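Nothing in this text is a laboratory measurement; each read-out follows from the coordinates by a stated rule. Being a predicted model, the structure only gives us computed values, none of them experimental. Neighbour counts are summed over all protein chains in view; Cβ atoms, including those assigned to glycine, are modelled from backbone coordinates with ideal geometry.
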Amino acid sequence: MVYKISDNAHIIVENGETILVADVLKFEDSITIGSVDSSLSPSYITDNLSSPSYTFQGSTNSYNTGGSPGGHIEKFPFAIASGTATSVGDLTSLRGAVSGQSSASHGYTSGNDGVQSGLQIPYKIDLFKIDKFPFASDANATDVGQLSTLIKHSTGHSSENNGYISGGAYQSGNPPALTVTHPPLIGGPIEKFPFASDTNSSLVAELTVSRYQSAGISGSTHGYTAGGHSPSSPTTYNVIDRFPFSSDANATDVGDLSVARDETSGHSSSFAGFAVGGNYPNKSRDRFPFATDANGADGGDLDYSREGQGETSGETDGFVAGGYGGPPFSATGGYRSSIEKFPFFGGGSTEVGDLSGSRYRPAGQQV
């Protein structure tokens, strides 16, 4: 039996199995059945096709943490249409070029580049720590772990149970007391830490090519690292790497962005990944599907070109915040405080608010 939900969505019931076939379908606890067949009950969807227990996309609030200058935790609602984000806490130290991870209950900010407002912070191991803050209340972060490799300018990913850090450039000038050594990797490192306990990350795999300032993207089953810059040459990459969440395995090259880019932000819908901006004055948006191995395609433009911006993903839109770009300039020159929203299903970008101040290379989290 086939039941029609809409022109592009059908339910097939056969041999005791229920299969949903749809081009695009947003599940919101109920779906209107277009079929006149009365044998399909109003509760059929919720009884047989329940919503997933975990999704990477947020539905309530977006967070931007760290960045230069400052170590603040800022929050704004995904429903924002205008206004300013609210500072709701602080990280345990000032850090820029951080990566972000999100569990169902907490945000995580990991790594750093050791630079604040152009001033080099004295090298110390605590700059490579993992901070954790709650979504349920406005509170400061706590130090819950440390990266296993001393990398800067890495990017973040999240599965249901673990946070990931990929890529990055090795930090030089290790102090004599530091015993951590860099492993002989061909590609950049992939590290993992569990959400269930507060502990250090561990090195579990590597990318196909070493790079930093990449876009970090999270599908339901895999993490993606797109673009980035070589730590040892002037090369900027267009490579899209994919690695599994279900096992600790090296990444594979599954496609190319439409243009090589670094200092780009990564966004994730339920069906596609997005690499946005970077390489000032670039303001384009690349989009590639999760369902197949394919190259990125032009998915539209931001209102303003920017690089080093914060990144968050709602259910239907991606949000970029802060970064560095051209006019209109902020009070601190080319550093931005504005927040832009772009739709995952295509269309133009809209400016919807501002961070409390300009931020360069903050991390993004969502709930």
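How far apart, in nanometres, would the label points at Asn200 and Asp293 be if each is projected 7 angstrom from Cα along the Cα-to-Cβ direction?
With each label point 7 Å from Cα toward Cβ, the separation is 3.5 nm.
If you stretched the chain out fully between Ser232 and Ser220, how much longer would it get, using 0.36 nm times the residue separation minus the C-alpha to C-alpha distance? Could you put the intermediate results ahead of the total?
Values: separation 12, 0.36 × 12 = 4.32 nm, distance 3.25 nm.
Full-extension gain reported as 1.1 nm.
Going by average Cβ density within 10 Å per residue, which order do the peptides 314-323, 99-108, 229-238 take, highest to lowest? Show your work: numbers first, answer last.
Working: 314-323: 24.8, 99-108: 23.0, 229-238: 15.4.
Final packing ranking: 314-323, 99-108, 229-238.
Projecting each Cα onto the charge dipole of segment 61-366 (Lys/Arg +1, Asp/Glu -1 at the beta carbon, about the Cα centre), which of Leu150, Leu257, Phe344 comes out farthest on the positive side?
Leu150
Under 18 Å from the 7 Å Cα→Cβ point of Ala139, by amide nitrogen: which residues of segment 191-213?
The answer is 195-199.
I want the local charge near Gly187. Using Cβ-Cβ distances under 15 Å, sum +1 for each Lys or Arg and -1 for each Asp or Glu among the other residues.
Values: positive: Arg211, Arg242; negative: Glu191, Glu206, Asp241, Asp248, Asp253.
Taking every other residue near Gly187 into account, the sum is -3.
Among Lys152/Lys192; Lys75/Lys341; Lys132/Lys152; Lys75/Lys192; Lys132/Lys192; Lys129/Lys192, which pairs are too far apart, with a Cα-Cα distance over 22 Å? Numbers along the way, then the final one.
Details: Lys152/Lys192 16 Å; Lys75/Lys341 15 Å; Lys132/Lys152 18 Å; Lys75/Lys192 25 Å; Lys132/Lys192 15 Å; Lys129/Lys192 13 Å.
Cα-Cα > 22 Å for Lys75/Lys192; rest within.
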